[in-house]
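In what follows, a single structure is set out as structure tokens and then discussed.
The values are calculated or read from the model by the stated rules, or taken from the named source; none is laboratory data. Bear in mind that the values here come from a model prediction, so they are computed numbers and not experimental data. Every residue, glycine among them, receives a Cβ derived from its backbone with ideal geometry; neighbour counts consider all protein chains shown. For the accessible areas, the whole protein counts, side chains as well, though only heavy atoms, and no ligand, DNA or RNA atoms are used. Shrake-Rupley method; radii C 1.70, N 1.55, O 1.52, S 1.80 Å.
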Amino acid sequence: MEPISKRILSSEHRQFRPVDEQVLGFGDINSDHLFRLDYYAEAWRNPRIEPFAPLILSPSAMCLHYGQEIFEGLKCFRRDDGALALFRPQDNFARFTRSAQRLCIPPVPEELSLVALKELILIDQEWVPRTRGASLYIRPFIIATEPHLGVRPADEYVYLIITGPVGAYYAEGFAPISIYVESHYSRAAAGGLGEVKTAANYAASIYAAEEAHRKGFNQILWLDASKHQYIEEVGSMNIFFVFDDEVVTSPLSGTILPGITRDTVLTLTREWGLRVSERVLSIDELLAAGQNGRLQEAFGAGTACVISPVGRFHFAGRDLIVNGGGIGQLTQRLYDEIIGIQYGSRPDPYNWVTLVY
Ligand SMILES: Cc1ncc(COP(=O)(O)O)c(C=O)c1O
């Protein structure tokens, strides 16, 4: 394959305009270019970087009807010394491969994705924010583009990587959020797609999340689809609890996303000598721990927010206030450590960071 940069269709396409990084939201601004790879005649072909522009897609493209789609989400950080740093990109592309397999999408070589991403970021490097806490969000995704009505794996796909500058995921920033515990709707059942990063899981969540937003909550905590008893994960984060001397998160049983931030938290807390359990946890146990004082902290973990303190859960008409509604010690320590590794102000003993240059 030719180097990707030789295939840029329009390197003159620059529309960079400075954005106010203090008030950057999440997901509204796109950088100038995208990476594109096409699949047809049984091979991925023609890698290239193009101006960001609308797609031409047949109205009968299979992704529009049957949801054959996968995606990823990761970030690039500008460091004080000017270097641009990706956080655990190999893990995102490995998960992308697993998602592809589950959705019958031909996998893309992970090394190609990383090379392509680095080239794309270099071309759009002005778009990587300079403010601590802001970053360049990266969205690789694959859609089934074959024009066909009928459910089966497509034989044409488009793989795109788009990027854009983002600030804090929650309008609150690094401040405690309120979570509605969902006891009626379900996100994913055993044997389904819960552990896969695919649009279907998010489609399944929209209605319930909207109801929770209307009631004034930031997010939903999902319970297991069968009994609505065991804690699974939050809309776009894995969830952690600190009980006395134990850090607890739900196990990877197939219905939750195996978050890369989750793994980062598990690795760090184990290294710090804490007792860490990946185990089932019922909503009853959580409520009891809230009542008898065992529950010290709760926080979400995900690429978009990094670490998000939880100040309140609401379940069956009752509020459970965590840590007086404030930010817990471990929550703060994890946030500082992960942000520090990402921005290069703390050591990176696990080689989680890959420099773009
Ligand atoms: C449903 C869900 N769970 C958990 C996560 C956290 O995963 P990661 O830490 O890899 O971003 C995300 C975000 O991608 C998500 O959408």
Just add up the charged neighbours of Y335: K/R +1, D/E -1, any other residue whose Cβ is under 14 Å from the Cβ of Y335. -1
Which value at 222 nm does the chain reach when only helices count, each DSSP H run of 4 or more adding -39,500 (n - 2.57), with the total divided by all residues and rounded to the nearest 500 deg cm²/dmol? -7000 deg cm²/dmol
Neighbour net charge for A43 - beta-carbon separation under 13 angstrom, K R +1, D E -1: -3
By average Cβ neighbour count within 10 Å, what is the ranking of 285-295, 135-145 from highest down? 135-145, 285-295
Under the 0.36 nm per residue contour assumption, what length would be gained going from the current alpha-carbon distance of A203 and A171 to full extension? 9.3 nm
Please report the net charge: other residues with Cβ closer than 13 Å to the Cβ of G73, K and R +1, D and E -1. +3
Please give the peptides 274-283, 82-91 ranked by average Cβ packing (other Cβ atoms within 10 Å per residue), highest first, as a rough proxy for protection. 82-91, 274-283
If the only charges are +1 at each Lys and Arg Cβ and -1 at each Asp and Glu Cβ, what is the size of the charge dipole of the chain around the Cα centre, to the nearest 20 debye? 80
Given unit charges at Cβ for Lys, Arg (+) and Asp, Glu (-), the dipole magnitude of segment 177-343 about its Cα centre in debye, nearest 20, is 240
Solvent-accessible area, 1.4 Å probe, carbon plus sulfur percent, for the chain: 51
Accessible area of the chain divided out per residue, in Å², using a probe of 1.4 angstrom: 44
Relative contact order for the chain using alpha-carbon pairs under 8 Å, separation at least 6, rounded to a whole percent? 18
In whole Hz, the Karplus estimates of ³J(HN,Hα) for segment 68-80 (6.51, -1.76, 1.60; θ = phi - 60°; x where Gly or Pro) are 6, 7, 9, 8, 9, x, 8, 9, 10, 10, 8, 8, 4
Highest mean first, how do 298-309, 337-348, 163-174 rank when packing is the count of other Cβ atoms within 10 Å averaged over residues? 298-309, 163-174, 337-348
